[in-house]
Each structure stands twice: as structure tokens, then as C-alpha cells.
Amino acid sequence: MSAARRERTGHASSLALLLLAGCSIDVSGLQAVASSDGGGGAAASTAQGGAGSDAAGTPVAPSGGAGAAGSAPVKPPEAGSGGAGASGSGSGGEDNPRRTCGVVGLPCCNPGNVCDLGACLRGQCTPYGGFYARSRDCLTDPCSSRNAYTAGCSCPFGFDDTVLWHGESDCENTGSVSTEVRSCTSDRTAEMGFGGVWVKEPIGASCSVSCTAPNPATSRCGCPSGSSEFAIEGTSGVVGCEAANMTFALCMNPRGKPLNFGGAYALSATAPDGCAAPNPFTGGCTCPQADSVPAPQNLHVGGYSIFICNL
């Protein structure tokens, strides 16, 4: 028998004799000591917070419960801290990539009305910021077609202002004047109803048709995946190339989220019923929810009246 075990056995015998004699003993200061000869089930296991046993094999309850003295209690991960199942956007945001603001179709993020995708308009991130037309030489009204979101010839803050088309238009008390049509766009995603706009016109002495205003959403004269072309072929506004046609194309996804864009349609005096190109969102020369939206915006392009449905 080892010296340590003999010493503990002697202590136990002394304690037993004292108890039999009716003595009261304070054992609160005694500390369990691990057996040096490898004996199993020693009371030292209670130092780790689990239930152990004394040298005689009698079960001993842990003095500190789970997480006994010597080790701090373990806290569950807080929301947003990145722990398993965290619902916030902290270091564990990759576990829950859902966004609540800042991308197309969601509210703008505060402070600052920030959008990581699209631009902020009326509290919502959107790729569409309207159109406008300006006739600088028109003395009566240089802003011939006002942007529905600025009430003037400008784009809302954060949108790209792109010149689409130059042509001639009539101005009251002035006559024929040069007019430019411009678009206001921003980043988009495939499920959106608005997919940008592009224009092809003849250029140069040969009047060969080229992409004069690429779609900001694709950087070319074409529509992004998921949207289709709403194309109008009309009279070119290029001097010397009047015999050649120009193409004005809006990209739309009728199955996508309309947000603030409700499509477009075109009227022409030469069309049998006046409707030269119906709105893909409605199937006719109308805007959706016609009783609750502003009057459609009229853009005169290539001999057509193109009506934009701003929601």
C-alpha cells in the first residue's frame, strides 16, 4: 500500500472514532486529493464539475454543479454573435445571408438611405429612376417631358443619367427644335420587371446602324437574361440619315417584380387602332392599375408616342 493511501486510511479511522464518540467535526475545509497510484473513481473528479466518488467509492455531488468552482459557466451564443444558429449579421452572417435592406426590392438601409444594389427612391431600392426629355431651344417649355420622380428634367440622386436619343420635335411658338431623351437607371437583378433600355441609330456618311446608347444593365444593345425587348423602329433623328430607321428598345420582364415600373406602350397614327405596341405587363395600350398611378409619361421618339408607366 502506498504512503498516501496509508495516510488517508489513518485519517478515515481517526474520523470514525471521533464520530462514534459523538464529536462534531467541521469538514468544510478538507480538499479532495487525487490518488497517486491510479485508483479509479476518486473524489478529484468533482473539480471538473461532474459527479465523482470518494476513495471508498461513495458518490459525491459536485460542489459547484455544472461548471463548478475553477471554471466559468458557459454562456449560449448571443444572436448576431456568429455562433451556431445566430440570426444576426455579425461574423456569422454567412450562416444566414438573408437581407432586410439595401438591395433591389427591399427598403433602403439607414442611416443614409443606402442601397448596395440599385438606388434609393422613395424609401426603396430600385433599378428604375424614370425618363425625361429636354428641348433646350424651346422657349415655352425646355423640359418637354418631366421625370415623374423629380418633377423636372433630372434624375433622382444615385441614378445614372444616360442620353438615349436626339431628334426633332415641335415646340409651341418656337417650331421644330432639337430634343434629347434621357434615362435614369441603376444596378438591377434578374427578377426585376425593368431591364434597362438601349438605342441603335445610323451614324456617319454611310448611315450604317450602330449601337449609339448601350443598355447600362448589359453594356451593349441587348437585354439582360430574363427580360425581353419591347422595340420600336422609327424615323432616325440623324441629319442626312432620315431614310434609315432607328430602334428604341425597353427591356421588360412581365413576370418580374414591377416595383415602380409598370411597363410601356406605344401609340402611332399609322397603327390600325392607334396601338402600335402593347404593354407586355397588360397586353394592351394601358398601364397596370390605371386608376391608382400617375398619368403615363409621353416620350416622342422616332415618330411614336411612347408612354412609360411609372408606378
### Task
Considering every residue within segment 241-250, establish whether at least one is among the small types (Gly, Ala, Ser) and closer than 30 Å to GLY105 by Cα.
yes
### Summary
Expected single match for out of contact with any Phe, Trp or Tyr (no Cβ under 8 Å at 6 or more places or on another chain), of a type in the set (Gly, Ala, Ser) and modelled with pLDDT under 85 among SER206, SER178, SER135, SER144 is SER178
### Message
Can you tell me how many residues within segment 279-303 are at pLDDT 85 or above and touching a Leu at 6+ places or on another chain (Cβ under 7 Å)?
### Response
1
### Task
State whether one or more residues within segment 231-247 are touching a Ser or Thr at 6+ places or on another chain (Cβ under 7 Å), assigned to a strand (DSSP E or B) and more than 26 Å from CYS207 (Cα to Cα).
no
### Message
Of everything in segment 257-283, what is loosely packed, with under 13 Cβ neighbours inside 10 Å and over 32 Å from the mean Cα position of the chain (by Cα)? Give them in sequence order.
### Response
ALA269, THR270, PRO272, ASP273, GLY274
## Note on the structure
When restricted to GLY57, GLY123, the only residue surrounded by fewer than 16 Cβ atoms within 10 Å (Cβ to Cβ), at pLDDT below 50 and not acidic (Asp, Glu) is GLY57
### Among the candidates CYS153, CYS101, residue that is in contact with a strand residue (DSSP E or B) (Cβ under 8 Å, 6 or more places away or on another chain), within 17 Å of VAL301 (Cβ to Cβ), in a loop (DSSP other than H, G, I, E, B) and modelled with pLDDT of 90 or more
CYS153
### Query
Out of all the residues in segment 249-256, is one or more surrounded by 18 or more Cβ atoms within 10 Å (Cβ to Cβ), assigned to a loop (DSSP other than H, G, I, E, B) and touching a Lys or Arg at 6+ places or on another chain (Cβ under 9 Å)?
no
## Note on the structure
In segment 183-211, residues that are surrounded by 21 or more Cβ atoms within 10 Å (Cβ to Cβ) and in a strand (DSSP E or B) total 11
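The values are calculated or read from the model by the stated rules, or taken from the named source; none is laboratory data. These numbers come from a predicted model, not from an experiment. Using ideal geometry, Cβ is built from the backbone for each residue, glycine included, and neighbour counts are taken over all protein chains shown.
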